[in-house]
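See structure below.
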Amino acid sequence: MKPMKVALLGCGVVGSQVVRLLREQAADIVARVGAPLELAGVAVRDPGRRRDTSVDPGLLTTDAEALVTAPDVDIVVELIGGTDPAGRLVLRALHGGRSVVTANKALLAREGAALHRAAHAAGVDLCYEASVAGAIPLLRPLRESLAGDRVTRVLGIVNGTTNYVLDRMDSTGASFDDALAEAQALGYAESDPTADVEGHDAAAKAAILAQLAFHSRVTAADVHREGITGITPADIANARAMGYVIKLLAICSRGDRHGVGVRVHPAMIPRSHPLAGVREAYNAVFVEARSAGNLMFYGAGAGGAPTASAVLGDLVAAARNRLAGVSGPPESVYAALPVHPMGETVTRSYIALEVLDKSGVLARVCEVFAAHDVSIQTVRQEGRGDDAQLILVTHQAEDAALGATVRALERLDVVRAVASVMRVEAEDAA
Ligand SMILES: NC(=O)C1=CN([C@@H]2O[C@H](COP(=O)(O)OP(=O)(O)OC[C@H]3O[C@@H](n4cnc5c(N)ncnc54)[C@H](O)[C@@H]3O)[C@@H](O)[C@H]2O)C=CC1
Ligand SMILES: N[C@@H](CC=O)C(=O)O
Ligand code: NA
């Protein structure tokens, strides 16, 4: 049996686990593929570095360019991350007729169109199940199992690091910095964790999900993005007091109007909602489709071994296709739907105001809401004197109107400060 040769680019948290799984599951993989998967080489930055798993030193190279174009290589697995040199290497591999497996959402959400074009032109596979929600099979269900349905919404937690941080702040009172350091030590964070905490990673994943769900081009630049760096222990405590928990959500929706909305931001969700029970670095995604109804996908969203599991699944699929002389379905973006600006999105909001403690303040605040056509669902006063706070939750309103309301409140003489503003989501399924 002629082996299928695999070039691995990057041997960090995920790459080292791919090496281990290829070794430990070699016998099963031969049986499942019909040929052994054999490493042709492993491109690294520092061959002398200690790794989580042993790699034959004879396979290590610092010349990734040469490895992706080596004549005997069938499949390239890109686990370097970032857009450069990863993008250049992936394109070279595809142009050279190699199939590519990658976990690189940043690259796909920015340059996916060019990569798909190159894969299609060469008649090879471009697989990226590991790029969204780690081990959870989510992209293949969207691309294949739901290909006959009309997906209307994809909503969930798609970043393990931020979920870990928010969960630790909520459940143990840990500080933001300590919780983030733990998530980094556990191998969940991106090499620059700004990508996680500022929502870039989740936004890239939301773009990939929206594109697959709605058969329409969506890039990272189309996604409204807010991270979790502004969330304070007071926000977490206020959420808890109202029966909510704060999660970083990715929400991709296709309304009855023409177009889609794609956004990533922290939101308060009811503690009774299934997403509230998603702890640590786990991810969970709800997919709503016209005929299928509501589907929930849950599992390990980050970490070396879980992510490597998804990479291996893609490797097996790409190897099978190569042996059969076929490739998987091409990119599907025929719907060409516009992406709505965030201002048109209808949401509810939680707003905490530091106010003067005197009569007539509530009436003045309510006037501002009424002037912007934003109706208030609940209002609560906390504290007295200099600590007086008004906590309001609105009914549904356009995001632009909520923004204008907040700006007007900031100018109001009876408001000392707008302490916190956060959207409230997922109350329908609680
Ligand atoms: N860690 C996780 O939980 C998950 C990671 N991913 C994605 O998987 C990819 C890899 O992530 P990790 O393994 O966590 O990162 P990592 O930082 O642990 O590993 C990347 C490795 O690539 C190496 N590298 C950088 N430039 C290189 C070059 N030019 N040639 C050869 N090697 C080079 C680095 O030295 C490092 O060892 C990224 O795209 C990431 O977004 C996806 C899902 C989950
Ligand atoms: N940094 C990412 C890794 C997986 O995609 C995350 O925390 O989810
Ligand atoms: Na996945």
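The values are calculated or read from the model by the stated rules, or taken from the named source; none is laboratory data. Nothing here was measured: the structure is a model prediction, and the numbers come from that model. Cβ sites come from the backbone with ideal geometry, for glycine too, and all protein chains shown count toward neighbours. Protein only, heavy atoms only, side chains kept; ligands, DNA and RNA dropped before computing areas. Shrake-Rupley method; radii C 1.70, N 1.55, O 1.52, S 1.80 Å.
Across the range 160-194, the qualifying residues are those that are assigned to a helix (DSSP H, G or I) and over 20 Å from Ile236 (Cβ atoms), and the one among them that is nearest to ligand 2 (Cβ to nearest atom) is Gln184. Residues of the range 110-135 that are away from ligand 1 (no atom under 16 Å from the Cβ) and not acidic (Asp, Glu): Ala113, Ala114, His116, Arg117, Ala118, Ala119, His120, Ala121, Ala122, Gly123, Val124. Scan the range 223-270 for residues that are of a type in the set (Lys, Arg) and over 25 Å from Ala210 (Cα atoms) and the total you get is 1.
Going by the structure shown, is Ala147 part of a helix (DSSP H, G or I), open to solvent by 10 Å² or more (accessible area, probe 1.4 Å) and aliphatic (A, V, I, L, M)? So Ala147 does not fit the description; no. Scanning the range 307-336 for residues being surrounded by fewer than 17 Cβ atoms within 10 Å (Cβ to Cβ) and more than 30 Å from Val19 (Cα to Cα) gives a total of 4. Annotation: of all residues in the range 381-417 being farther than 20 Å from Val264 by Cβ, surrounded by fewer than 17 Cβ atoms within 10 Å (Cβ to Cβ) and in contact (Cβ under 8 Å) with a residue 60 or more places away in the chain, the one that is farthest from the chain's Cα centre (by Cα) is Arg416.
If the condition is being aliphatic (A, V, I, L, M), in contact with a Lys or Arg (Cβ under 9 Å, 6 or more places away or on another chain) and not in a helix (DSSP H, G or I), then the range 195-242 contributes Val223, Met242. For the criterion of being more than 16 Å from ligand 3 (Cβ to nearest atom), under 22 Å from Ala324 (Cα atoms) and touching a residue at least 12 places away in the same chain (Cβ under 8 Å), Gly34 passes.
Whether any residue in the range 122-135 is open to solvent by 40 Å² or more (accessible area, probe 1.4 Å), within 16 Å of ligand 3 (Cβ to nearest atom) and assigned to a loop (DSSP other than H, G, I, E, B) is what I want to check. The answer is no; no qualifying residue exists.
When each of Phe369, Phe286 is tested for being among the aromatic types (Phe, Trp, Tyr), surrounded by 15 or more Cβ atoms within 10 Å (Cβ to Cβ), farther than 17 Å from Val154 by Cα and more than 16 Å from ligand 1 (Cβ to nearest atom), the lone residue that passes is Phe369.
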